[in-house]
Amino acid sequence: NDNLAQVQHVVLVLSGKGGVGKSTITTELALALRHAGKKVGILDIDLCGPSIPRMLSVGRPDVHQCDLGWVPVYTDAEKSLALMSIGFLLDDPDDAVVWRGPKKTALIGQFVSDVAWGELDVLLVDTPPGTSDEHLAVLENLKKHKVDGAILVTTPQAVSTGDVRREITFCKKTGLRILGIVENMSGFACPHCSECTNIFSKGGGEDLAKLTGSVFLGSVPLDPLLSASIEEGKDFIQSFPHSPTFSAITSISHTLLNSLQAA
Amino acid sequence: HYKQRKFKALQERQRQQMARGLPKQKPITGVKQVIVVASGKGGVGKSTTAVNLALGLTAVNPSKSVGVLDADVHGPSIPKLMNLKGNPELTDNNLMIPLTNYGIPCMSMGFLVDDAAPIVWRGLMVMSAIEKLLRQVNWGSLDYLVVDMPPGTGDVQLSISQNIPVAGAVIVSTPQDIALLDARRGAEMFKKVNVPVLGLVQNMSVFQCPNCHHQTHIFGSDGARRLAETLGVHFLGDIPLHLNIREMSDRGQPVVVSSPDSPEAEAYKKVAAAVVRRLEEVST
């Protein structure tokens, strides 16, 4: 029995650096792909800091078992967006998960093979920062399946691009195709006077893409409306269709879909 | 009565066996107090805060000697932030000599590996590396060792708290709920391993537009302050989101030394002063 057999594409969302917006970008891409009519799944393997359930405001649902394994949590009745996260398996999703490597590796193995995803167009895998047990475990377990590749998220500043550069080397060494780099929190436009301040710098992600010969997927601005939307678990794509952030995310999702379907 | 005594004896034997299993806490030679800077959440500014806290501690009391240990093995940021590069030299007894800038000796995995090389290590290897960074460094005599922790609540956090006595933990968070949830997990973890939580720092609290001075709470408002109240931990201070902090960080010139009279530097010095007060409180 292969729970990933009917999943058309598997995409990892990586960074190396913490706090650059992996979970936010994963969520927004999932919502954008859903709006484009795709069936999407998100596997959240950030065991210490699972953010996805909160960002999609699914609350504290019970996870049910079926013959094929765990039934994923759906965000809607139409089952267009499926999720699995450790947050759903804990008594209190806000509890600390203080586990050493081997225990994390074991659970991730289960997450990869024992979730009954059914038919999906795209499965996005949200990862924690770093290059450790979780990343090795997910790649090991996905070996039997086709992994289309990874999207790397960075903010433009030097401490971020430095870490993401290491992650790019990791991808090259493990044979993981880099689908492209996203530069997040790229410039902030004051809501009052529209003056743009590059709080976290600008262009660093694009430069990194050039330096390493990777595809640059695009920049997403630092947008308090997006932060607030994520905070409240709302669908940003539905709420703010006219914002520059919306165009940036939609454009990235189109580029991603094209490159998945072309390969 | 006999059964009770036997059961108590069994419990005591089990307790002793389990105590033998855990590593014994051994202080780092020459280091008086270890302060860990942690968060749970990535990207909230642990490293930036750790570096400016270390410099703030010397600014607040110039007679104190302070060092920085970068325990983020996968994403070591300290070399960049402190403008330090190069492989550490060894003493005659094979201890690594820390690299020093702005009067602060530092050690980081970043000094031991190539800039572009990923450090793809599982927990066990990470623990072994942390052990080396803790014990095989010639720290000399330090009043404070500030340890910049990686994000998460796993091997590194457990290893450090089990292997060395930690005077206190400073938890950094941004005001967003998503960061606070992780900060709460971080605080809970420290309670589990009996490390005193000195308090919470609210980083990236507010942004003031340099053009029109309008204030935007990009990452939410006051969440960390409220969390501190809920958890019953102290609130150590706010650090604003300021272009200068990031620009100077990228240049490896922490604001506390490069713009010592700026409001940002003052904010860090205030946190340093609060940390010193709290250390005195928890040690009595």
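Descriptive notes on the structure:
- Summing charges over all other residues whose Cβ lies under 11 Å from the Cβ of B:Lys32, with Lys and Arg as +1 and Asp and Glu as -1, gives 0.
- Mean separation of Cα contacts under 8 Å (6+ apart) over length of chain B, as relative contact order %: 25 percent
- 3J(HN,Hα) along segment A:52-65, derived from phi through the Karplus expression 6.51 cos²θ - 1.76 cosθ + 1.60 where θ = phi - 60°, amounts to 4, x, 5, 5, 10, 5, 8, x, 10, x, 7, 9, 9, 9 Hz, with x in place of Gly and Pro.
- Each Lys or Arg adds one and each Asp or Glu subtracts one; over the other residues with Cβ under 10 Å from the Cβ of A:Cys48, this totals 0.
- Under a 5 Å amide H cut-off, with hydrogens placed 1.01 Å from N, B:Gly237 pairs with B:Gln202 among residues at least 5 apart or on other chains.
- In sequence order, segment B:205-217 has phi-based couplings of 5, 7, 10, 10, 4, x, 8, 10, 6, 5, 9, 10, 8 Hz under the Karplus curve 6.51 cos²θ - 1.76 cosθ + 1.60, θ = phi - 60°, and Gly or Pro positions carry x.
- Projected label points at B:Ala116 and B:Lys3, each 7 Å from Cα along the beta carbon direction, are separated by 7.1 nanometres.
- Per-residue mean of C-beta atoms belonging to partner chains within 10 Å, peptide A:88-99: 4
- Chain A: most fluctuating residue of A:Ser214, A:Ser243, A:Ser15 per GNM, C-alpha cutoff 10 Å: A:Ser243
- Taken one residue at a time, the phi angles of segment B:259-264 give Karplus couplings (6.51, -1.76, 1.60, θ = phi - 60°) of 9, x, 9, 6, x, 5 Hz. Gly and Pro are set to x.
- Long pairs among A:Lys173/B:Lys80; B:Lys80/B:Lys269; A:Lys103/B:Lys24; A:Lys234/B:Lys46; B:Lys64/B:Lys269, criterion Cα-Cα beyond 26 Å: A:Lys234/B:Lys46
- For the pair B and A, total buried accessible area rounded to nearest 100 Å², probe 1.4 Å: 4500 Å²
- Over chain B, DSSP H runs of length four or greater, each weighted -39,500 (n - 2.57), average out per residue to a 222 nm ellipticity of -13000 deg cm²/dmol.
- Within-15-Å neighbourhood charge of A:Asp121 [Cβ basis; K, R +1; D, E -1]: +2
- Under the criterion of Cα pairs below 8 Å and six or more residues apart, the relative contact order for segment B:108-238 equals 21 percent.
- Among B:Leu227, B:Leu133, B:Leu90, the largest mean-square fluctuation in a Gaussian network model of chain B, built with springs joining Cα atoms closer than 10 Å, belongs to B:Leu90.
- Counting only heavy atoms of the protein chains and using a 1.4 Å probe, A:Glu140 has close to 100 Å² of accessible surface.
The values are calculated or read from the model by the stated rules, or taken from the named source; none is laboratory data. Keep in mind it's a predicted model, so treat the numbers as computed, not measured. Here Cβ is always computed from backbone atoms with ideal geometry, including for glycine, and neighbour counts include all displayed protein chains. These accessible areas exclude ligands, DNA and RNA; they are computed on the full protein's heavy atoms, side chains included. Shrake-Rupley method; radii C 1.70, N 1.55, O 1.52, S 1.80 Å.
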